[in-house]
Amino acid sequence: MLNWKKIGWLVCMGMLCLALVAVVSARVAAANNYPDNMPPRPDKEEEEINQTTPTPSPIQDEWPDIDITLPQYAMVNSNKLLASSYVPDVSKIEGTYNMMFDTAALPHLEALIQDLRDNGFGVYVGGAYRSYSYQKQRFDGKCYNIALEMGIEGKEIWLLPEYQLAVAEAKKYTMEPGASEHQLGLAVDLYDKQYVAQNYDHMNQRFYEYLDSICANYGFIKRYPTRKLLLTGWDEPWHYRYVGVEAATFIMNNKLCYEEFYAHYVPDFEY
Ligand SMILES: [Zn+2]
């Protein structure tokens, strides 16, 4: 006996399968005949980009031919401390109250400041050469104040084990003695004269945009840009460092931080 219900169900399923095959075939055909006047498919566009974009020449070919052992290229950071006995030859920066800078590099700094002034900016030199002992004094003061804020009490609190917590915290705000480039005499903190607080977001961005565009002409780099914080461990966008025109031009053009540049010449340097 024929089961009409079953036959009807099989016919329906068969028709559904035929319909599905027809739809899929039409899709495949459409994809293979993609018209030329239509916008390119994303995968096609990618293929074309890969074919037409020339492979950039290796950046290594353009690295300046320098002697990284010269004092102007000295690397100083919290992993590479300067000796307490390191004292550079410094002279007073004109127009400042006893701010000192490396004597040989001083004319370049003064020319940079003059350029800013010629372009309508007031310039305030907030920091320049700092001796090891002065940096130590600053750092110790910061540790002590943080320890007090943490509630650490006692006669000689710096001898207590918990004081190390304050020391670790202080390193986030003030460089430990020997770790500051200011001891080299080649670093300077530059501000627009109008600045009121050490908050970069509220500082005159036109001042820093212009300064960043010209600093390499005088041999200076922006040493601790915020975008490189993970590599340098430090965020100080007003701090500029003299390294000479050749290195500075390469660093600023390629948006490098000094650690990245230095590592190219000193392969076993880790940062
Ligand atoms: Zn600084």
Coil-residue trypsin sites (Lys or Arg not before Pro) of the stretch 85-163, DSSP, other Cβ within 10 Å capped at 16:
LYS155
Mind scanning LYS171/LYS255; LYS80/LYS222; LYS80/LYS136; LYS80/LYS228; LYS172/LYS222 and naming the pairs with a C-alpha gap bigger than 21 Å?
LYS171/LYS255
Fewest to most neighbouring Cβ within 10 Å: what's the order for PHE220, PHE101, PHE250?
PHE250, PHE101, PHE220
Expressed in nanometres to one decimal, the distance between label points 7 Å along Cα→Cβ at PHE269 and LEU160 is 4.1
Using Cα-Cα distances under 8 Å and only pairs 6 or more residues apart, what relative contact order does the stretch 134-271 have, in percent?
18
The stretch 136-210: relative contact order from alpha carbon pairs under 8 Å, six or more residues apart, as a whole percent, is 28
Determine the gain in length on full extension of the stretch ALA104-ASN253; use 0.36 nm per residue of separation and subtract their C-alpha separation, reporting nm with one decimal.
51.2 nm
In Hz, Karplus ³J(HN,Hα) per residue of the stretch 141-155 (6.51, -1.76, 1.60; θ = phi - 60°; x = Gly, Pro):
x, 5, 4, 4, 5, 5, 4, 5, 4, 6, x, 6, 10, x, 6
Ranked highest first by the average count of other Cβ atoms within 10 Å around their residues, in what order do 145-152, 240-247 fall?
240-247, 145-152
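No lab work stands behind these numbers, since they all come straight from the coordinates. Keep in mind it's a predicted model, so treat the numbers as computed, not measured. Please note: Cβ atoms are built from the backbone with ideal geometry, for glycine as well, and neighbour counts cover all protein chains shown.
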